[in-house]
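Below: one structure, written as structure tokens.
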Amino acid sequence: MVEALASGSGARNVMLQSVPGKQDFYARLGYRPMTAAMAKYDDPQWASATGYIE
């Protein structure tokens, strides 16, 4: 399903956000960690506590 959505978009580059701890799943599909990314959450305390941001 992930590949169908990515290839169907026509985009040259695809970025995604995964649930912390599930990076291996996406790595098997060819996705690689980014060296820099930024995010702004409505609830930064929750995002920090759940591992989405530092």
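Where a number appears in this text, it was derived from the coordinates with a stated rule and is not lab data. Predicted model only: the values in this text are computed from it and were never measured. Using ideal geometry, Cβ is built from the backbone for each residue, glycine included, and neighbour counts are taken over all protein chains shown.
At a glance:
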| quantity | calculated |
| --- | --- |
| Neighbour-count ranking [beta-carbon atoms within 10 angstrom, fewest first] of Arg32, Arg12 | Arg12, Arg32 |
| Residue-wise HN-Hα coupling along region 33-41, computed from phi with Karplus coefficients 6.51, -1.76, 1.60 (Hz; x: Gly, Pro) | x, 8, 7, 8, 8, 10, 9, 10, 10 |
| Footprinting exposure proxy for Glu3, Glu54 (fewest neighbouring C-beta atoms within 10 Å first) | Glu54, Glu3 |
| Charge dipole magnitude, Cβ of K and R +1, D and E -1 - the chain, Cα centre, debye nearest 20 | 240 debye |
| Residue-by-residue Karplus 3J(HN,Hα) for region 13-26, coefficients 6.51, -1.76, 1.60, Hz, glycine and proline x | 10, 10, 10, 9, 10, 10, 6, x, x, 10, 4, 4, 4, 6 |
| Share of pairwise Cα separations in the chain, more than 16 Å, in percent | 51 percent |
